[in-house]
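Only one structure is covered here, and it is reproduced in the block below.
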Amino acid sequence: MRSGHISISLRLTLWFGGIFLVGWGFFGASMWFNLKHTLTAERHVTLSRRLDRLETVIEKTRGEAPEDRLNDYRDFAHATGGGLMQIVREDGAHAVPVLSSAAAAFPWPSHPDSTREQFVHVRAADQPYWVLTRPSSLDGQPLVLMAAAPEAGNLLVLDHFWFGLLASAPVLLLVSSAGGYWLSRRALRPVDQITAAARSISIRNLSERLPVTRTADELERLTETCNAMLARLESAVNQIRRFTADASHELRSPLSFVRTVAEVSLRNPKIDDESREALEDIVAEAARATAMLEDMLALARADASQNEAALEPVALSAIVQEACDAARPLAKERELALSVALDDSGATRVLGDAPALRRLFSILLDNALKYTPTRGSIHVSLHASGNEAAVQVSDTGAGIAEADLPHIFDRFYRADPSRGQTEGCGLGLAIAQWIANLHRARIDVVSEPGKGSTFEVVFPIENKISFSVPV
Ligand code: ADP
């Protein structure tokens with residue numbers, strides 16, 4: 001994941017979380033209003049029943065003496081909790097003396113509607129109350145019956161409900177986000193696998209394919225499309241490789257013909273100095289071009305063989321020694337000191353292809369000879385420890401700039417100072433790298449411009465047995 005970018009899983013999780021919060025908010029608010037409405041309706045029903053019963057009491061006590069009647073009303077008011085009841089005339093004056101002390105202190109609506117029922121909200125001693133007023137009559141006289149009930153209980157229920165909603169939101173948000181993240185990771189896991197597989201495919205292993213997820217969905221179509229694209233790329237690259245191999249092969253004969261003709265012409269004593277110089281240039285350039293073609297052909301064959309070679313146990317020190325012996329005359333010619341230290345007396349054997357290994361060490365030695373100025377020194381060593389054997393070629397030459405180091409194993413790459421100054425075409429290290437890969441060895445390089453370079457090839461050891469080397 002690049003910085004500043006968030007993964008699809010995380011984005012989906014944030015969406016899940018956001019949608020959940022909005023949904024939960026809507027759900028909570030609608031439930032809260034619903035509950036409030038239900039509780040208010042229930043209060044209305046309670047007060048309505050209370051007034052029904054008050055009407056029944058009024059009806060029942062119709063023939064009684066006023067004092068008995070008042071006592072019955074008060075008993076009834078007391079029995080219905082707090083006695084918040086009132087019986088008034090149309091103008092709001094008391095039709096019956098107050099039924100309780102609580103009713104006396106209560107702020108009843110001063111001009112209740114005598115034509116229809118009313119359900120109103122009032123505040124008493126800073127507490128909210130519901131009041132129901134109902135027109136009625138006694139002995140032909142119009143009356144208004146009133147009953148009140150506190151709303152505090154309702155508000156408490158609503159508060160609890162609200163608190164429950166708020167308290168459960170973070171927990172549910174966490175659970176739903178974690179679940180969403182887990183689900184999206186699970187659904188996108190094949191994408192990670194496809195990415196890892198696609199990353200491991202390069203020009204060297206173009207024949208490999210991405211694993212197809214048999215899920216009959218977008219991912220399956222994506223992998224199949226990528227695989228079809230890889231197949232097209234593979235066939236295009238193979239065509240180019242064949243062309244390179246064929247072209248290198250076809251060019252070998254005319255080049256060697258040119259070289260031979262030039263060499264034969266040089267033997268003629270009658271040619272003038274200018275022609276001789278030109279013919280010598282032709283021979284040198286033809287030799288250079290032949291070497292380059294050989295390298296290109298070697299790499300084209302390497303690409304075609306896909307790192308398949310019959311390897312057999314070989315004594316590493318013998319091969320290193322041979323390569324050093326072959327380089328000695330050139331070292332002498334260039335006044336370079338070549339020292340060799342093989343510390344295993346022939347015991348280290350690796351699974352290898354002897355001619356290829358000889359070529360690998362020759363390339364490293366050739367480079368050391370090419371890029372080390374006169375009177376410099378080159379040191380070759382072999383050191384085995386544990387399951388590995390390391391061959392080092394160090395020189396006190398030009399060194400390689402840090403910016404060039406990652407590219408020197410690329411085909412046709414030559415660091416700036418080499419171009420035009422030293423012979424070569426930038427294929428040597430590419431071949432060396434391929435030979436190392438063939439032997440499951442790795443090549444490392446440490447270099448300091450102006451001081452020198454050390455190339456190290458580390459091989460896995462086949463086995464360590466006594467092995468005599470012809471000296
Ligand atoms: P070539 O030597 O034909 O140019 P190589 O592939 O062998 O091609 O090397 C690639 C580049 O790496 C060279 O052009 C040179 O710049 C650099 N290089 C390789 N070996 C050495 C060395 N021993 N010292 C300094 N530079 C080196």
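Each reported figure results from applying straightforward, stated rules to the coordinates on display, with no laboratory input. All values derive from a computational prediction rather than experimental measurement. In this analysis, Cβ positions are derived from the backbone assuming ideal geometry, glycine residues included, and neighbour counts consider all displayed protein chains.
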Can you figure out the FRET efficiency of ALA326 with ILE19, using R₀ = 56 Å and their beta-carbon distance, to the nearest 0.05?
0.15
Starting from the Cα of ARG442, step 7 Å along the direction of its Cβ; do the same at ARG411; then give the gap between the two resulting points in nm.
2.5 nm
Subtract the Cα-Cα distance of PHE161 and THR454 from 0.36 nm times their separation in residues, and report this length gain in nm to one decimal.
97.8 nm
As a footprinting exposure proxy, order TYR129, TYR371, TYR413 by other Cβ within 10 Å, with the fewest listed first.
TYR413, TYR129, TYR371
Förster-model FRET efficiency, 51 Å R0, VAL175 and ALA105, C-beta, rounded to 0.05
0.50
So how do LYS36, LYS332, LYS270, LYS370 line up by other beta-carbon neighbours within 10 Å, fewest first?
LYS270, LYS332, LYS36, LYS370
Direction-averaged shadow area of the convex hull around the Cα atoms of the range 243-351, nm²?
10.5 nm²
Contact order normalised by length for the range 272-363, with contacts defined as Cα pairs under 8 Å and 6 or more residues apart; what percent is it?
37 percent
What number, in percent, do you get for the relative contact order of the chain if the mean sequence gap of Cα pairs under 8 Å and at least 6 apart is divided by its residue count?
10 percent
Which length gain, in nm to one decimal place, applies between PHE257 and ALA197 when the Cα-Cα distance is subtracted from 0.36 nm times their residue separation?
16.8 nm
Lysines whose Cα lies under 16 Å from that of LYS370, excluding same-chain neighbours fewer than 8 positions away:
LYS332, LYS451
Inter-site label distance for ASN387 and HIS5 at 7 Å from Cα along Cβ, in nm:
3.7 nm
Given a cut-off of under 8 Å on Cα pairs at least six residues apart, what relative contact order in percent is computed for the range 72-169?
23 percent
Ratio for the chain, C-alpha Rg to 2.2 N^0.38 Å, reads 2.21
Contour minus Cα-Cα distance for GLU274 and HIS37 (0.36 nm per residue)
73.9 nm
If I model a spin label as a point 7 Å beyond the Cα along the Cα-Cβ vector, how far apart are those points for ALA187 and ARG204 in nm?
3.8 nm
